[in-house]
Amino acid sequence: MTHFYRPCEGHRLPHDPFNAIVAPRPIGWIGTKGADGGRNLAPYSFFNALNYSPPLVGFSSNSWKDTVANCRATGEFTWNLVTRSLAEAMNASSTTAEVDEFDAAGVEVAESVEIAAPRVAASPATFECRVTQIIDLRSATGEASGSWFTVGEVVGVHLDESLLVDGIVDTAAAEPVLRGGGPTTYFGISADQRFDMRRPG
């Protein structure tokens, strides 16, 4: 049996399965600074790496929020890896209150090298990014969705050397937190789930 539905007609399930199917997803924990110098930190569940050279990452916001506005105003943002020890702080930073989320979530700030946008000091991996595109996402008929996709080129990488094993990043050692389906669902990664395959020649 297959559950088929047309999204425009509703999914007929207790919770929209779309983001549960495309899951788990890395979290876009995005740090920005506004034109007025105010800091912003917010998590986005629609985030991923997009390209090798130049290295590009992108996140989608379901409305024109402070993060997108800051990216437009300054052309910069940071991405900060969310680890298990930072999960609660990440969640606290999702507040909609008009506050400095770094302060509100008790997150120590670190300065970037190539850009002015702030970093999460405790994150073991951070990308400093310069905005390349801010895209008004649209439906197949051209109707505006109200969501905005921001793409940035990674111009600086901060990486805790403890994650390197023979020069290769040990993904599980960082204990990254991933977003699942459902309103409260998150996942981790463990070394016992690893398997290896080589691409055909």
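Name every residue in region 112-144 that is over 18 Å from Thr78 (Cβ atoms) and either in contact with a strand residue (DSSP E or B) (Cβ under 9 Å, 6 or more places away or on another chain) or acidic (Asp, Glu) (or both), in order of residue number. I'd like the intermediate steps shown before the answer.
Quick first cut of region 112-144, residues over 18 Å from Thr78 (Cβ atoms) only: 135-144.
Ile135, Asp136, Leu137, Arg138, Ser139, Glu143, Ala144 - these are the residues of region 112-144 that are over 18 Å from Thr78 (Cβ atoms) and either in contact with a strand residue (DSSP E or B) (Cβ under 9 Å, 6 or more places away or on another chain) or acidic (Asp, Glu) (or both).
Collect the residues in region 75-106 that are of a type outside the set (S, T, N, Q), open to solvent by 60 Å² or more (accessible area, probe 1.4 Å) and assigned to a helix (DSSP H, G or I), keeping them in residue-number order. So that I can check it myself, show each step before the final result.
Step one: of region 75-106, the residues of a type outside the set (S, T, N, Q) are 75-77, 79, 81-82, 84, 86-90, 92, 97-106.
Cutting the leftovers down to open to solvent by 60 Å² or more (accessible area, probe 1.4 Å) gives us 84, 88, 98-99, 103-104, 106.
Selection gives Arg84, Glu88, Asp103, Ala104.
Return yes when Pro54 is outside any loop (DSSP other than H, G, I, E, B) and either open to solvent by 40 Å² or more (accessible area, probe 1.4 Å) or under 24 Å from Pro176 (Cα atoms) (or both) and no when it is not. Full working, then the answer.
Details: outside any loop (DSSP other than H, G, I, E, B): no; either open to solvent by 40 Å² or more (accessible area, probe 1.4 Å) or under 24 Å from Pro176 (Cα atoms) (or both): yes.
Considered against the rule, which asks whether it is outside any loop (DSSP other than H, G, I, E, B) and either open to solvent by 40 Å² or more (accessible area, probe 1.4 Å) or under 24 Å from Pro176 (Cα atoms) (or both), Pro54 comes out as no.
Taking region 19-45 only, how many residues are in contact with a Gly (Cβ under 8 Å, 6 or more places away or on another chain), farther than 19 Å from Glu175 by Cα and not in a strand (DSSP E or B)?
3
Condition check: touching a residue at least 40 places away in the same chain (Cβ under 8 Å) and not aliphatic (A, V, I, L, M). Does Gly201 satisfy that?
It is false that Gly201 is touching a residue at least 40 places away in the same chain (Cβ under 8 Å) and not aliphatic (A, V, I, L, M).
What single numbered condition from (1) open to solvent by 60 Å² or more (accessible area, probe 1.4 Å); (2) of a type in the set (Asp, Glu); (3) assigned to a strand (DSSP E or B) fails to hold for Asp136?
It fails just one condition, (1).
Looking at Ala144, is it surrounded by 12 or more Cβ atoms within 10 Å (Cβ to Cβ) and small (Gly, Ala, Ser)?
No: the conditions fail for Ala144.
Which condition from (1) within 13 Å of the chain's Cα centre (by Cα); (2) open to solvent by 50 Å² or more (accessible area, probe 1.4 Å) is the one that Ser61 breaks?
In the conditions (1) within 13 Å of the chain's Cα centre (by Cα); (2) open to solvent by 50 Å² or more (accessible area, probe 1.4 Å), Ser61 misses (2) alone.
Among the residues in region 95-111, are any within 21 Å of Asn48 (Cβ to Cβ) and either acidic (Asp, Glu) or in contact with a strand residue (DSSP E or B) (Cβ under 7 Å, 6 or more places away or on another chain) (or both)?
Filtering region 95-111 for residues within 21 Å of Asn48 (Cβ to Cβ) gives none.
No, the conditions are met nowhere in region 95-111.
Checking the condition within 18 Å of the chain's Cα centre (by Cα) and modelled with pLDDT under 95, which residue from Asn40, Asn19 passes?
Working: Asn40 fails: modelled with pLDDT under 95.
Of the residues listed, the single one that is within 18 Å of the chain's Cα centre (by Cα) and modelled with pLDDT under 95 is Asn19.
Restricting to region 107-116, what's the tally of residues that are open to solvent by less than 20 Å² (accessible area, probe 1.4 Å) and touching a helix residue (DSSP H, G or I) at 6+ places or on another chain (Cβ under 7 Å)?
1
Looking at Asp196, Asp192, which one is open to solvent by 80 Å² or more (accessible area, probe 1.4 Å) and outside any loop (DSSP other than H, G, I, E, B)? Walk me through it before giving the result.
Details: Asp196 fails: outside any loop (DSSP other than H, G, I, E, B).
Residue meeting the stated conditions: Asp192.
Within region 146-189, how many residues turn out to be touching a residue at least 60 places away in the same chain (Cβ under 8 Å) and in a strand (DSSP E or B)?
Applying the first criterion (touching a residue at least 60 places away in the same chain (Cβ under 8 Å)) to region 146-189 yields 146-154, 174-183, 185-188.
Subsequent filtering for residues that are in a strand (DSSP E or B) retains 146-154, 176, 178-179, 186-187.
So the answer is 14.
The values are calculated or read from the model by the stated rules, or taken from the named source; none is laboratory data. Computed from a predicted model, the values in this text were never measured in an experiment. Backbone-built Cβ (ideal geometry, glycine too); neighbour counts: all protein chains shown. Accessible surface areas use protein heavy atoms only, side chains included; no ligands, DNA or RNA. Shrake-Rupley method; radii C 1.70, N 1.55, O 1.52, S 1.80 Å.
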